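Chemist: Pasting a structure here, questions to come.
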Amino acid sequence: MIKAVIFDLDGVIVSTDEFHYQGWQKMADAENIYFDRAINERLRGVSRMESLEIILEKSHKTYSAEEKTELATRKNDIYRELLKKITPKDILVGVSSVLEELKRRKIKIAIGSSSRNTPAILERIGLSNFFDAVADGNDIKNSKPDPEVFLLAAKRMGINPSECLVVEDAEAGVEAALAGAMKVLGVGSAATDHRAHLTSNDLSAIEVDTLLNL
Ligand code: G6P
Ligand code: MG
């Protein structure tokens, strides 16, 4: 029986994933590095600096550590500017009702995200104080597919990992949940991931009872 649900943030609670893409695309264009949406798919759930390394696979130039920091900062500045557009109306379809229902049933809920911008995003969508625990890119050494962020979220809620369900849109996130011995619901880009225990395009078609009995 599931006692807690850990939600990824980008692409699960809110579509910041498109803003990540736009930020990286602008940075890559300015540097004359080939980048497209297919490469962007590989960045889901992956930390900022690891994302940059994936993008630099297409670069003909070798960048120093300082230059890499500058590129990542440049992307993050573009991304932070785009984030200003986000409001509570951007919470993805089905999310609010599932969150409310879980709370009503006294199931613990958490955020498990690789993003260092998690606090700012939760603030923008009005959910800063909504979750029982938040574990994010500021708290961890190893980003998804390592299970660290989910294990930390479980620990902060005081729930055994085997009693946690993760909701993920990233391949790396599905792997991270499985590595942490947790159940996984794959949504969005992970809706076709056969390793997940359950998949759905979004949360609107999901019965909370089904989730809790996974
Ligand atoms: C999430 C996104 C990734 C992003 C990572 C780091 O996991 O899915 O695409 O690279 O967070 O985000 P940050 O906001 O710290 O740059
Ligand atoms: Mg995600």
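The values are calculated or read from the model by the stated rules, or taken from the named source; none is laboratory data. Predicted model only: the values in this text are computed from it and were never measured. Methodologically, a virtual Cβ is constructed for each residue, glycine included, from the backbone with ideal geometry; neighbour enumeration extends over all protein chains shown. Each accessible area value is taken on the protein alone, full model and side chains, heavy atoms only, with ligands, DNA and RNA left out. Shrake-Rupley method; radii C 1.70, N 1.55, O 1.52, S 1.80 Å.
Chemist: Counting only protein heavy atoms and using a 1.4 Å probe, what share of the accessible area of the stretch 122-182 belongs to carbon plus sulfur, as a whole percent?
Modeler: Working: 1080 of 2530 Å².
Carbon plus sulfur share of accessible area: 43 percent.
Chemist: Quick one: grab the alpha carbon gyration tensor of the stretch 19-80, order the square roots of its eigenvalues as a ≥ b ≥ c, and give me rounded if a/c is under 1.5, else prolate or oblate depending on whether a/b is larger than b/c. Walk me through the numbers before you get to the answer.
Modeler: Values: a/c = 1.33, a/b = 1.15, b/c = 1.16.
It comes out rounded by the Cα gyration axes.
Chemist: What span do the alpha-carbon atoms of the stretch 77-195 cover on each of the three principal axes, reported in whole Å from largest to smallest?
Modeler: Principal extents (largest minus smallest coordinate, Cα): 36, 33, 29 Å.
Chemist: For Arg74 and Ser204, what does the FRET efficiency come to when R0 = 41 Å and r is the distance between their Cβ atoms, rounded to the nearest 0.05? Intermediate values should be presented prior to the final figure.
Modeler: Values: r = 36 Å, r/R0 = 0.88.
It comes out at approximately 0.70.
Chemist: How high is the relative contact order of the stretch 112-155, given as a whole-number percent (alpha carbon pairs under 8 Å, six or more residues apart)?
Modeler: On the way: 43 pairs, mean separation 19.6, N = 44.
The value is 44 percent.
Chemist: Could you list the square roots of 5 times each eigenvalue of the Cα gyration tensor of the stretch 51-131, that is, the equivalent ellipsoid semi-axes, sorted largest first and rounded to whole Å? Walk me through the numbers before you get to the answer.
Modeler: Details: eigenvalues 240, 39, 24 Å².
Each semi-axis is the square root of five times an eigenvalue, giving 35, 14, 11 Å.
Chemist: Calculated FRET efficiency, Glu163 and His60, Cβ-Cβ r, R0 41 Å, to nearest 0.05? Show your work: numbers first, answer last.
Modeler: On the way: r = 49 Å, r/R0 = 1.20.
Once rounded, the FRET efficiency stands at 0.25.
Chemist: Expressed as a rounded percentage, what relative contact order does the stretch 1-149 have, with Cα pairs under 8 Å and six or more residues apart?
Modeler: Values: 169 pairs, mean separation 46.3, N = 149.
That works out to 31 percent.
Chemist: Moving to a separate point now. Calculate, for the chain, the solvent-accessible area per residue in square angstrom, rolling a 1.4 angstrom probe over the heavy atoms of the protein chains.
Modeler: Details: 10230 Å² over 214 residues.
It amounts to 48 Å² per residue over the chain.
Chemist: Please tell me which of these pairs span more than 27 angstrom C-alpha to C-alpha: Lys155/Lys183; Lys26/Lys84; Lys85/Lys106; Lys58/Lys183?
Modeler: On the way: Lys155/Lys183 16 Å; Lys26/Lys84 17 Å; Lys85/Lys106 32 Å; Lys58/Lys183 35 Å.
Where the Cα-Cα span goes over 27 Å, the pairs concerned are Lys85/Lys106; Lys58/Lys183.
Chemist: Another one. Which loop-located GluC sites (Glu not before Pro) does the stretch 154-214 contain, where loop means any DSSP state but H, G, I, E or B and the Cβ has at most 10 other Cβ atoms within 10 Å? Spell out each step's value before the answer.
Modeler: Numbers: sites: Glu163, Glu168, Glu171, Glu175, Glu207; in loops: Glu207.
Here the sparse-neighbourhood loop sites are Glu207.
Chemist: Shifting gears a bit: What are the residues whose amide H is under 5 Å from the amide H of Val134, where those residues sit 5 or more places off or on another chain and H is modelled from the backbone?
Modeler: The answer is Ile111.
Chemist: Show log10 I(q)/I(0) for the chain at q = 0.08, 0.09, 0.13, 0.15 Å⁻¹, two decimals, from a solvent-free Debye sum over equal Cα scatterers.
Modeler: For the requested q values the scattering log ratios are -0.26, -0.33, -0.69, -0.91.
Chemist: Placing +1 at every Lys and Arg Cβ and -1 at every Asp and Glu Cβ, with all other atoms neutral, what dipole size does the stretch 100-160 have around its Cα centre, in debye to the nearest 20? Walk me through the numbers before you get to the answer.
Modeler: Values: 11 positive and 8 negative charges, 40 e Å.
That gives the stretch 100-160 a dipole magnitude of about 200 debye.
Chemist: Using the Karplus curve 6.51 cos²θ - 1.76 cosθ + 1.60 with θ = phi - 60°, what ³J(HN,Hα) values do you get for each residue of the stretch 88-98, in whole Hz, with x for Gly and Pro?
Modeler: With coefficients 6.51, -1.76 and 1.60, one gets x, 5, 8, 4, 5, 4, x, 5, 4, 5, 5 Hz.
Chemist: Sequence gap at least 6, Cα distance under 8 Å: using those rules, report the relative contact order of the stretch 76-214 to the nearest whole percent. Let's see the in-between values first.
Modeler: Working: 211 pairs, mean separation 26.6, N = 139.
This gives 19 percent for the stretch 76-214.
Chemist: With each run of n ≥ 4 DSSP H residues scored as -39500 (n - 2.57), what mean residue ellipticity at 222 nm is computed for the chain after dividing by its residue count and rounding to the nearest 500 deg cm²/dmol? List each step's numbers first, then the result.
Modeler: Numbers: 9 runs with 89 residues, N = 214.
Calculated at 222 nm, the ellipticity per residue is -12000 deg cm²/dmol.
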